[in-house]
Amino acid sequence: MRKIYFSIAIIILLSLVLGTTKPAAAQADSLKPWQTGGVTSLLFTQVALSNWSAGGQNSLSATAMINLFANYHKKRSQWDNTLDLCYAMQKQGKGSVIKSDDKIDLSSKYGQYAFKHWYYTAMLNFKTQFAQGYNYPNDSVMISDFMAPAYLTIALGMDYKPTDYFTLLIAPITGRMTFVNNQTLANQGAFGVDPATFDDSHNVLTAGKKTRAEFGGYIKAALKYDIMKNITLQAKVDMFSNYLKDAQNIDINGELLIDMKINKYISASIMVNTIYDDDVKINIDDNKDGITDRTGPRTQFKEVLGIGFSYKF
């Protein structure tokens, strides 16, 4: 858990410090209420070895990312929309090409001015992935798929926007739907849905449910800040507590992206993603008490460092 707490602490600290340094530009009416744009990137990493005495394996990986936004700010209304897409593949040694990252994240948030820096806000967020995922190195055991899982979150609350680059949404009224649109995974009870029931011969008596509904509270902080001329920091963290079951077990998703522009088309990026979801059970091979095949919620941590082509529009 140390990694997730550290990541969240850094994101929140940066957000709070930077979020109080200058007034929000969004308070003034804009002659162009719509602002649109985005960034597309293709990053590469490679290791090539020949007669290397220290050992190791050749490896190659590629990551494609698209980040789009369309924001409407006019008088007392604000409507922010973002779409983040990412897909990555890698090959190590003589092994097959496998998926290493996969994300679809669509968010839409509408706010109506309430009082100083605060907006009455409704938010919709949808997350899923493009392709099947496997329990590598065993590529015969599928553990995820398109729309399995998928998460739809609808939140009502207040949005605090002291600047044009920081926002904090506090939504005590939030509904979240989990979709597992793959019957094999649904029968296993993956991602918290109710599993199937089986007879003694392991024949399905009642199919597993493909959806799970939750009702709770939601907090999301987001920051996009130019550290210097060619370095941009983007960070966001969202937390959800299910009022109906185990409210103390808070689901957390933190993301950090540092984009460093070398020139108009070449950039380097550092991406960090930390997740804790109490409903996602992961194999724990710790050999504790002689047991090696236990499962349970675990802190998920991912880091990607790459250099490649980038275009901002």
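Just a yes or no: is a residue in the range 187-201 within 28 Å of Asn67 (Cα to Cα) and buried (at least 18 other Cβ atoms within 10 Å of the Cβ)? Yes, the range 187-201 contains at least one residue that is within 28 Å of Asn67 (Cα to Cα) and buried (at least 18 other Cβ atoms within 10 Å of the Cβ).
In this structure, does Ala247 turn out to be surrounded by fewer than 15 Cβ atoms within 10 Å (Cβ to Cβ) and part of a loop (DSSP other than H, G, I, E, B)? For Ala247, the condition - surrounded by fewer than 15 Cβ atoms within 10 Å (Cβ to Cβ) and part of a loop (DSSP other than H, G, I, E, B) - is met.
Here Phe115 meets the list (1) out of contact with any strand residue (DSSP E or B) (no Cβ under 6 Å at 6 or more places or on another chain); (2) surrounded by 20 or more Cβ atoms within 10 Å (Cβ to Cβ) almost entirely, failing just condition (2).
For the range 227-237, the criterion of a residue being modelled with pLDDT of 90 or more, more than 30 Å from Ala64 (Cα to Cα) and of a type in the set (Lys, Arg) is satisfied by no position. The sole residue among Ser241, Ser267, Ser201 that is touching a Ser or Thr at 6+ places or on another chain (Cβ under 7 Å) and of a type in the set (Ser, Thr, Tyr) is Ser267. Scanning the range 152-166 for residues that are part of a strand (DSSP E or B) and touching a helix residue (DSSP H, G or I) at 6+ places or on another chain (Cβ under 9 Å) turns up just one, Phe166.
Annotation note: Cβ proximity below 6 Å between a residue of the range 240-256 that is under 11 Å from Asp278 (Cα atoms) and a residue that is exposed (fewer than 13 other Cβ atoms within 10 Å of the Cβ) and modelled with pLDDT of 90 or more (sequence gap 6+ or interchain) occurs for Ser241/Ala247. Summed over the range 93-105, residues that are more than 19 Å from Ser59 (Cα to Cα) and surrounded by fewer than 16 Cβ atoms within 10 Å (Cβ to Cβ) total 0.
With respect to being in contact with a Lys or Arg (Cβ under 9 Å, 6 or more places away or on another chain), surrounded by 15 or more Cβ atoms within 10 Å (Cβ to Cβ) and part of a strand (DSSP E or B), Tyr218 fits the description. Taking the conditions exactly as written (assigned to a strand (DSSP E or B), at pLDDT 95 or above and buried (at least 21 other Cβ atoms within 10 Å of the Cβ)), does Thr174 satisfy them or not? When the stated conditions are applied, Thr174 passes them. The one condition from (1) farther than 26 Å from Gly111 by Cβ; (2) out of contact with any Ser or Thr (no Cβ under 9 Å at 6 or more places or on another chain); (3) crowded, with 17+ Cβ neighbours inside 10 Å that Lys229 does not meet is (3). Here the range 104-155 is the region considered, the condition is being modelled with pLDDT under 95 and charged (D, E, K, R), and the residue that is nearest to Gly189 (Cα to Cα) is Asp139. Of the residues making up the range 198-218, those that are farther than 17 Å from Ala155 by Cα and not small (Gly, Ala, Ser) are Phe198, Asp199, Asp200, His202, Asn203, Val204, Leu205, Thr206, Lys209, Lys210, Thr211.
Among residues of the range 217-237 that are in contact (Cβ under 8 Å) with a residue 40 or more places away in the chain and closer than 20 Å to Leu124 by Cβ, those with a Cβ under 7 angstrom from a residue that is of a type in the set (D, E, K, R) and surrounded by 23 or more Cβ atoms within 10 Å (Cβ to Cβ), sequence gap 6+ or separate chain, pair up as Lys236/Lys220. Within the range 64-80, identify whether any single residue is surrounded by 13 or more Cβ atoms within 10 Å (Cβ to Cβ), under 27 Å from the mean Cα position of the chain (by Cα), aliphatic (A, V, I, L, M) and at pLDDT below 90, and answer yes or no. No.
The values are calculated or read from the model by the stated rules, or taken from the named source; none is laboratory data. These numbers were taken from a predicted model, which means no experiment stands behind them. Positions of Cβ are generated from backbone atoms using ideal geometry, with glycine treated the same way; all protein chains shown enter the neighbour counts.
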